[in-house]
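What follows is a short report on a single structure.
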Amino acid sequence: MFRVRLDNQDIILGYISGRIRRSFIRILPGDRVKIEMSRYDSTRGRIIYRLRKKIRTIRSLF
């Protein structure tokens with residue numbers, strides 16, 4: 001179980017979906033994730049995707 005801060009600064013309880021668990025995808029603090037919210041309980045959600053981090057590339061001038 002993870003505490004997830006949403007874009008509107010609300011904090012919910014998120015758990016990992018079976019597909020992510022089966023694929024052994026690691027979720028670390030600070031990772032951005034996609035959440036599927038529960039329609040019955042607005043304080044819970046399922047983590048369905050780990051978003052990729054933006055990697056800056058430095059082009060050399062040579």
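The values are calculated or read from the model by the stated rules, or taken from the named source; none is laboratory data. Everything numeric in this text was worked out from a predicted model, so none of it was measured. The protein model used for the area step is the full one, side chains on, heavy atoms only, and it has no ligands, DNA or RNA in it. Shrake-Rupley method; radii C 1.70, N 1.55, O 1.52, S 1.80 Å.
Please calculate how many Å² of accessible area the chain carries per residue, with a 1.4 Å probe and no DNA, RNA or ligand atoms counted. Don't skip to the end; give the middle numbers.
Details: 6310 Å² over 62 residues.
Computed with neighbouring chains in place, this is 102 Å² per residue.
The Rg/Rh ratio of the chain, with both radii computed over alpha carbons and Rh defined as the Kirkwood radius, is 1.14. Extension gain for F24-R5 works out to 4.6 nm (0.36 nm per residue, less the C-alpha to C-alpha distance).
Rounded to the nearest percent, how much of the accessible area of the chain (1.4 Å probe, protein heavy atoms only) is carbon and sulfur? Please list the in-between numbers first.
Values: 3220 of 6310 Å².
Summing carbon and sulfur atoms, their accessible area is 51 percent of the total for the chain.
Only helices enter this figure: runs of n ≥ 4 DSSP H residues, each worth -39500 (n - 2.57), summed and divided by the residues of the chain, yield -1500 deg cm²/dmol at 222 nm to the nearest 500.
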